[in-house]
Amino acid sequence: MLITKNIKMADVIHMNYFTLSVLNRFGIELGFGDKTVVEVCKKANIDVDFFLEIANAFVDKDYFPKKQLQSFSVKLITDYLRKTHYEYHQIKVPEIENLIEDMVKSGYTDKENLVLLKKFFNDYKQELLNHTQREETVVFPYAISIEDAYNSKTLENSVFDLMETYSISIFQNEHENIDEKLFDLKNIIIKYLPKQKKSENCHKLLYELFSLEQDMIDHSRIEDKVFVPKIRDMEKVITKRFAEKKQ
Ligand SMILES: [Fe+2]
Ligand SMILES: [Fe+2]
């Protein structure tokens with residue numbers, strides 16, 4: 001079932017509680033009573049169509065690729081992606097670290113495996129940081145320059161130079177799955193972590209990892225299926241303009 005403008009925002013969460021993190025990224029706070037999606041978005045100054053596309057892509061995996069989502073500006077899309085990165089680093093990762101720390105404190109029978117788990121997650125955290133930093137410092141600024149050039153009436157040579165040094169296909173080739181390692185981590189816990197005093201901590205940790213993994217799959221889908229094709233199309237148009245200018 002698709003999320004539409006006129007359904008109650010409360011029902012969006014009832015349909016799929018994972019949408020709570022989408023609401024958070026849009027800065028929508030709970031307590032909206034019986035207000036509809038469009039009413040809540042208007043009040044929070046949010047582009048309702050963009051919200052609907054992101055939320056629907058989140059609840060329905062077959063919703064992609066959608067032409068509509070491609071019609072939004074690069075700035076709007078990268079702002080959303082940046083907010084997601086921020087949430088991973090500031091909320092999700094620290095939550096998981098706290099859970100692991102709790103497990104260490106609660107006295108595991110096998111400290112050695114727990115230390116390994118901690119190390120695995122620390123390495124993962126660094127990898128995630130490298131991944132998102134590269135996107136935010138290299139890829140997103142490049143994409144915004146391409147969009148500016150695409151929308152501009154003049155054809156600046158600097159864009160041509162920029163496209164000589166970088167292209168979205170480089171990003172496409174180097175873009176790794178950030179969720180795969182989480183799958184491995186879940187497996188270590190499920191298959192090999194020995195019995196502990198408080199199994200609920202372990203279950204909570206698994207739940208958080210499943211939820212983060214699901215969120216990251218969706219995040220990468222937006223990058224690969226919406227962001228990359230959008231930039232590639234604009235690069236093609238710009239390249240064509242340069243070719244026409246030369247003639
Ligand atoms: Fe990302
Ligand atoms: Fe990414």
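Remarks
- Folded to 0 to 90 degrees: helix 228-246 orientation relative to the chain principal axis, Cα: 20 degrees
- Label reach from residue 245 (point 7 Å along Cα→C-beta): in the range 155-196, amide nitrogens under 14 Å belong to 155-164.
- The angle separating the long axis of helix 111-134 from the principal Cα axis of greatest extent in the chain is about 10 degrees.
- Cut-off of 10 Å, at most 15 other beta carbons, DSSP loop: longest stretch of the chain lacking such trypsin sites (Lys or Arg not before Pro): 67-152
- Calculated P(r) of the range 72-246 - Cα pairs past 21 Å, %: 56 percent
- Within the chain, longest stretch clear of exposed GluC sites (Glu not before Pro) (DSSP loop, no more than 13 other Cβ within 10 Å): 30-155
- Extension gain (nm, one decimal) between residue 120 and residue 98, 0.36 nm per residue minus Cα-Cα: 6.5 nm
- Amide H within-cut-off set for residue 36, under 5 Å, with H built and near neighbours excluded: 9
- 32 Å Cα-Cα threshold exceeded, pairs from 83/181; 119/236; 8/153; 8/236; 83/236: 119/236; 8/153; 8/236
- Spacing of the two label points (7 Å from each Cα toward its C-beta) at residue 44 and residue 61, in nm: 2.6 nm
- Acute angle (nearest 10 degrees) that the helix 48-59 long axis makes with the longest principal axis of the chain, alpha-carbon atoms: 50 degrees
- Sorting 167, 106 by the number of Cβ atoms found within 10 Å of their own Cβ, with the fewest placed first, yields 106, 167.
- Fraction of alpha-carbon pairs over 19 Å apart in the range 143-208 - percent: 59 percent
Bear in mind these aren't lab numbers, they're just calculated from the coordinates by the rules spelled out. Not measured: the values here are computed from a predicted model. With ideal geometry, Cβ positions are generated from the backbone for all residues, glycine too; neighbour counts draw on all protein chains shown.
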